[in-house]
Amino acid sequence: MDGAGRDVFEVLAFDDPTVEQVHDFIQWAFPLRERSGANPGAPVLTTEDVEQIRDSMAAQAALAALTDRMAIFYYRNGHWLTASDHNHLRITRIIKSLRLLRGEELADAFRTLILARVEEAGAPIGKPTLGFWARA
């Protein structure tokens, strides 16, 4: 459950406008070791948490489904393909979380998918954001 009491199935069922408008799910769906500035009540992972998530088939399946949902969202929508957008921070978080919880290959695959979408749109994303994604 996230901070609003939603389970992973409810988040996966969000339509695209809800994904865009609801700002408190991403930190729960893609947790990190550091506290979120946007959602201070979101979980902060410990080493033990990371190990448990990496070892859990259910957690891995949920992360895979959530990653697919966000990939679909970014491919179907282009409003984030600008020099500055809050979705750029979300993408950075997703890449970092995938790297931490699912491994290098899957994190890089998501980043590659996002970069292909950016390229398709004529590369409207600024170099600072691209740098964040490269270091994520």
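No value in this document is a laboratory result; all are computed from the given coordinates. None of these values were measured; they are calculated from a predicted model. Cβ sites come from the backbone with ideal geometry, for glycine too, and all protein chains shown count toward neighbours.
Based on the Kirkwood approach, the hydrodynamic radius assigned to region 65-123 is 11.6 Å, with every pair of different Cα atoms included.
For the chain, the relative contact order comes to 22 percent (Cα pairs under 8 Å, sequence separation of at least 6).
Against the chain, whose longest principal axis comes from its Cα atoms, helix 57-76 is set at around 20 degrees. Taking θ as phi - 60° and the Karplus parameters 6.51, -1.76 and 1.60, the scalar couplings of region 37-54 work out to x, 7, 9, x, x, 6, x, 10, 6, 9, 4, 5, 4, 4, 4, 5, 5, 5 Hz in sequence order, x denoting glycine and proline. Across region 123-135, coupling constants 3J(HN,Hα) worked out from phi with the 6.51/-1.76/1.60 Karplus curve, θ = phi - 60°, read 6, x, 7, x, 4, x, 5, 4, x, 4, 5, 5, 8 Hz, and Gly and Pro carry x. Its DSSP H runs of at least 4 residues, each contributing -39,500 (n - 2.57), put the calculated 222 nm mean residue ellipticity of the chain at -19000 deg cm²/dmol, to the nearest 500.
Taking region 24-94, how much of its Cα-Cα pair set, in percent, is spaced more than 19 angstrom apart? Result for the distance tail: 40 percent. Per residue, the convex hull spanned by the alpha carbons of the chain comes to 101 Å³.
Taking amide H as placed 1.01 Å from N in the peptide plane, the amide H of V44 sits under 5 Å from none that are at least 5 places away or on another chain. Taking the Cα centre of the chain as reference, the dipole from Cβ charges on Lys and Arg (+1) and Asp and Glu (-1) amounts to some 420 debye.
In this rough spin-label picture, where each label sits 7 Å from Cα along the Cβ direction, the N77-V22 distance is 1.2 nm.
Across region 8-25, rounded Karplus estimates of 3J(HN,Hα) from the backbone phi angles (6.51 cos²θ - 1.76 cosθ + 1.60, θ = phi - 60°) give 4, 5, 5, 5, 4, 7, 4, 7, 4, x, 5, 4, 6, 8, 8, 9, 9, 8 Hz, Gly and Pro being marked x.
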